[in-house]
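Have a look at the structure below before the remarks.
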Amino acid sequence: MSRMTETLYSRSLPCEPQPARRARPVRPARSVLRCPAAARGGDWLSVGLIVLSLSLLSATTLQAQVTQSFIEPFETIDVAAADAGIVRELLVREGQHVSQGDVIARLDTLVLEATRKLAKLRASSTARIEAARVDVKLKERQKQKLSLVLANGHANSNEIEKAEAEYDAAVAALKLAEEETAINLVEVERIDAEIERRMVRSPVDGVVTRLHQRVGEYLPLSEPVLATVVRLDQLRVKFYITTEMAEQLKPGASLTVVVGPKSEELPAQLDFLSPVTDADSGTVRIEVLIDNAGGQLRSGIPCRLKLP
């Protein structure tokens, strides 16, 4: 039998029965409960990121809160001269206590003092006033005599008018002399004010911490600061607290500050509460005052705010 015949013969034979396949059981559908916000793909990841961001933001705000600081003077004043000039005299030293109104330094006033002497001499002179008064009396008697002569018919009206004009001129000259004397007195006061402007005085009770110029140096208007004075009867401390804590405070509130290595607790008063929260750190600046009337505390020592 040929190969082609075998092939045709094999194809014509009936097929052998195959074992029936088992049908797979149909599993019931699982019911899955999903949050509406999580029904979309990736929503659980978004919720997690939001929670993490809020946690980090809260932690950053707490880290930005500054409750440790350093004590500062209540005021630091750069005392400046009102006019330019050469420093003629320094009346204080660095570290010296001064009272309000004390003269710290004097600028050169030699020219002003000489001008004042001349103005004072003019103001005190009464020679022109006395001469004008004598002339007024003389012109007044002449006018009276001519009036009597005119009444007797021995003088004309022109002579009387001339005498009256001379009298009026003498009165005006007297008034001018008196006004010039008053002007000279005002000039003396003006020069005194100019001299006072060259006196550098302390504006507060405090301590001179630095002298920026020495005797003989020129003090220009572009850099008029001559000395630095600090006020230490009260001390100031700046802190940065959270907004939540700031909302519980009001200016004038009593706080406690722990000062120095010995952790001494001192009462303090809230002097300033910023109305603005810093957008970057989420904190609020506050300033507290510590009484230092006895001078027992030094400026610059570390301290911390005792939180309630």
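The values are calculated or read from the model by the stated rules, or taken from the named source; none is laboratory data. Every value quoted in this text rests on a predicted model; they were computed, and no experiment measured them. Note that we place each Cβ from the backbone using ideal geometry, even for glycine, and neighbour counts take in every protein chain shown. Protein only, heavy atoms only, side chains kept; ligands, DNA and RNA dropped before computing areas. Shrake-Rupley method; radii C 1.70, N 1.55, O 1.52, S 1.80 Å.
With all protein chains in place and ligands, DNA and RNA left out, the 1.4 Å accessible area ranks 212, 97 as 97, 212, largest first. Solvent-accessible area of residue 125, all protein chains in place: 60 Å² (probe radius 1.4 Å, heavy atoms, ligands and nucleic acids excluded).
Between residue 128 and residue 194, what length in nm is gained on full extension when 0.36 nm per residue of separation is reduced by their alpha carbon distance? Kindly include the intermediate steps, with their values, before the conclusion.
Values: separation 66, 0.36 × 66 = 23.76 nm, distance 2.79 nm.
Extending this stretch completely gives an extra 21.0 nm.
Working out 0.36 nm times the residue gap between residue 168 and residue 262, then minus their Cα-Cα distance, what length gain in nm do you get to one decimal? The partial results should precede the final answer.
Working: separation 94, 0.36 × 94 = 33.84 nm, distance 8.81 nm.
Gain on extension, residue 168 to residue 262, equals 25.0 nm.
The value of relative contact order for the stretch 238-285, using C-alpha pairs under 8 Å at least six residues apart, is 43 percent. When the alpha carbon gyration tensor of the stretch 70-161 is reduced to an equivalent ellipsoid, the three semi-axes, largest first, read 67, 15, 11 Å. The aspartates and glutamates whose alpha-carbon is closer than 18 Å to the alpha-carbon of residue 162, local same-chain residues fewer than 8 away aside, are 135, 140. Close amide H partners of residue 212, meaning residues 5 or more places away or on another chain with modelled amide H under 5 Å apart, are 227, 228. Each Lys and Arg contributes +1 and each Asp and Glu -1, all at the Cβ; summed about the Cα centre of the stretch 251-308, the dipole is approximately 200 debye. Using C-alpha pairs below 8 Å separated by at least 6 residues, the relative contact order for the stretch 95-205 is 58 percent. In the stretch 197-308, Cα pairs under 8 Å separated by at least six residues give a relative contact order of 27 percent.
Three principal axis extents describe the C-alpha atoms of the stretch 164-308; from largest down they are 93, 39, 34 Å.
Just to verify a number: FRET efficiency for residue 88 and residue 298, C-beta to C-beta distance, R0 = 22 Å, to 0.05? Once rounded, the FRET efficiency stands at 0.05.
Listed by chain and number, the lysines whose alpha-carbon sits under 19 Å from that of residue 306, ignoring those within fewer than 8 places in the same chain, are 238, 250, 262. Backbone phi angles across the stretch 282-298, fed through the Karplus curve with coefficients 6.51, -1.76 and 1.60 (θ = phi - 60°), yield HN-Hα couplings of x, 10, 10, 7, 10, 10, 10, 10, 10, 5, 9, 4, x, x, 7, 9, 9 Hz in residue order; Gly and Pro are listed as x.
Distance between the C-alpha centres of the stretch 104-180 and the stretch 190-211: 42 Å, rounded to the whole angstrom.
Test of understanding: extend the Cα→C-beta vector of residue 182 to 7 Å, then name every residue of the stretch 109-138 with backbone N under 14 Å from that spot. No residue passes the distance filter.
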